[in-house]
Structure formats: C-alpha cells, structure tokens
1. Between rounded, prolate and oblate, where does the stretch 1-106 land on the alpha carbon gyration tensor, with a ≥ b ≥ c its root eigenvalues, rounded for a/c under 1.5, else prolate if a/b exceeds b/c?
2. Counting only protein heavy atoms and a 1.4 Å probe, tell me what percentage of the stretch 200-337's accessible area is made up of carbon and sulfur.
3. Add +1 for every Lys or Arg and -1 for every Asp or Glu among the other residues with Cβ under 12 Å from the Cβ of Ala324, and state the total.
4. Sorted by mean Cβ packing within 10 Å, highest first, what order do the peptides 36-42, 218-224 take?
5. In the chain, which whole DSSP H runs stretch at least 24 Å along their own axis (Cα) and average -0.5 or higher on the Kyte-Doolittle scale?
6. Rolling a 1.4 angstrom probe over the protein heavy atoms, how many square angstrom per residue are accessible across the chain?
7. Please report the orientation-averaged projected area of the stretch 219-337, defined via the convex hull of its C-alpha atoms, in nm².
8. Just add up the charged neighbours of Arg308: K/R +1, D/E -1, any other residue whose Cβ is under 11 Å from the Cβ of Arg308.
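The values are calculated or read from the model by the stated rules, or taken from the named source; none is laboratory data. Fair warning: this is a prediction, and the values are worked out from it, not measured in the lab. Neighbour counts run over all protein chains shown; Cβ positions are idealised from the backbone, glycine included. We work out accessible area using only protein heavy atoms, side chains counted, and drop any ligands, DNA or RNA first. Shrake-Rupley method; radii C 1.70, N 1.55, O 1.52, S 1.80 Å.
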Amino acid sequence: MLPFKLIYSNGYYLPIGAHVFPAEKYRRIHERLLKQNVADANDFLTPSPATDQDILLVHRPEYVNKLKTGTLSPSEEMALEVPFSPELVQAFWLAAGGSILAAQHALKDRVAFNIGGGFHHAFPDHGEGFCMIHDVAVAIRRLQRDGKIRTAMTVDCDVHHGNGTAAIFAGTRTVSEPLPSVSAATLGRTMPGKMRGVHAGDVFTISLHQHNNYPMTKPPSSIDVDLPDGVGDDDYLAWLGDALSSGLRQFEPDLICYIAGADPYREDQLGGLALTLDGLKRRDELVFRIARAKDIPVMVTYAGGYARNVEDTVTIHCNTVIAAKETFAPAGSPSKN
Ligand SMILES: [Zn+2]
C-alpha cells in the first residue's frame, strides 16, 4: 500500500480518435501500476467531476457556456487541436475534479497524484493545445476558496511552456531577484539556457521548457527557464535545481503543483529536449526531495507525453509514482518494491 493516494477514473480517456495525444495512456498507467505491484487497488480513489462553480473560479462564463452548449466557433475548436464533443467536455470536468481531489489529499499525505490532468495550455476564455480546462488552476482556486491553502507554486516540467498557467496567475508583477547565469559555469553546464523571472501574486509559477517550441507566445511565468534544443539530463537537472531554489527563496507556497510532463524525453515526437528515462526519474526525485525537505505538500498531474513508443510515455509516468514512493516512504520501511 502506498503512503499516498492516486486519483484515477476510466473517464479520463479523451474521446479524440486517432491523435498524437495518446488518450489511452491513463488506462495503461493504471494497469501497469497494478500489474507491477507499484500500487494496489486501495491506493486509487475515483474522482467526481468538478462542479460548474469550480470551473468558473478560473474560466469565463461565456467560455463555459460555449463548452456546455457545444457552440465554440470553428477557430476556437481549431485552437483546441482536439475534436469537440460533449463527452470531451465531461472528460475535462472529470480531470479538474481529479486535480481538486489530488490537491486535497496532498495536504493530508504530503503527496498525491492525479493520474491525468496537467492541462496547462487552457486560458480563462479559451482552450488550446489539447487543453480545454485548466484543472490545476481550478484545484488551486478551489482550495483557496475553501480556506485550505493561501498560496501555491506550480512547477511545470512539461517540455512546452505553461502559457495558460502564466496567464491565469499573472497577478501583480515586480521584477524578482536576478537569476543566476553565473551558476551555469559553476555547475559545468555547456549549454546556456535562459532564466527570466517575475514575481506573481498568491500563486508563483515556474516553467522549464524548450524555448523553440509551442506555444509561440509565452506570457511570463514567475520564473521561466527557456531551454535551448537538445538539453540533456545533467543540464536540465541543474536548471531545475536552480529554478526551485530561486523560487523557494522568494516564495513560501502552501502547496506545490508539479506538472510532470513526459515530453522532455529524447524520443518525444513533439519535444526537442534529450532527457533519458533515468533523467526524467531523477527530475521527479529532485522535485519530491526538495518538497519533502521543505515540508511542502505536492500534488502531481501528468500533462503531455508523445513518445514514439507509447509504452515509454507510460513508463515515465509510472516512474513518477515510483519516485514519490521512494521519497515519501515512511522511515524504516523498504524504499523499493
Ligand atoms: Zn507538452
């Protein structure tokens, strides 16, 4: 039995037909976690869909109304890049409910997973890049409304910039502390990435992403790490470590929302970074170790993953659960299954 909960429903399947987004990945992750005894059936909780009231904490009434009545314009549907259907709307409401439940359980158990979600390209008034509803933002706003948290930090390690997250939590900006370009040399990094920083209001947003990739326009996060093409494990981990320590020097979140995209993987069809399976697991461990050391609860969502072989995407996402299991194992218990 895991020392934390995994939120999952068969309803996470996105009915989008043949598509680069492997909509069946959620079911396969669930299956693999059980088959390999990483988790047992009691570790899983089934979410309820978010209420419209929850969705409206982030999204504009006009947009929500269009989704519920199937009246998106052709250009709005095109920006979404997945075919609209009422069933798709249900799947996104359910993913948002899953992220709310995961955030609630993270506060109890220090970590919790939504085996789905991470739809970081959704904006208050439109969806794009396969993302209709910003489940992570909905979860943060719901927990704030319930008085469960005051502040949160998003740590977005999907290969694509978290443009929706940045836009939603823009808040009042002030220029943050200068970010350490010098440490690139100290850490022996050969490929300079670029860190840009602004400080937001009650939610601090960190995005580590490939600069030359979707989305074209990247509204500023609190910290953006614009990585050049082809960054590998060691450089990536060094930049992530810098971004986390810089962020946590500036801001004390009540909750970390870790967006654990599988697409920085070197075999990804929509990514241009070069992380290995092992590097991606070390990435997860780094986030969990820091959160544990600072005693900040972590809620995990999965976001993208488009490996040529879908089994690799499943492996990366399952490894995130294994990394949490190893990091958050109660003292004295065997750390590996
Ligand atoms: Zn992505």
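1. Oblate, because a/c is 1.5 or more while a/b does not exceed b/c.
2. 49
3. Once positives and negatives cancel, what remains is +1.
4. The packing order, highest mean first, is 218-224, 36-42.
5. 86-109, 233-250, 310-328
6. 39
7. Mean shadow area of the hull around the Cα atoms is 7.9 nm².
8. -3
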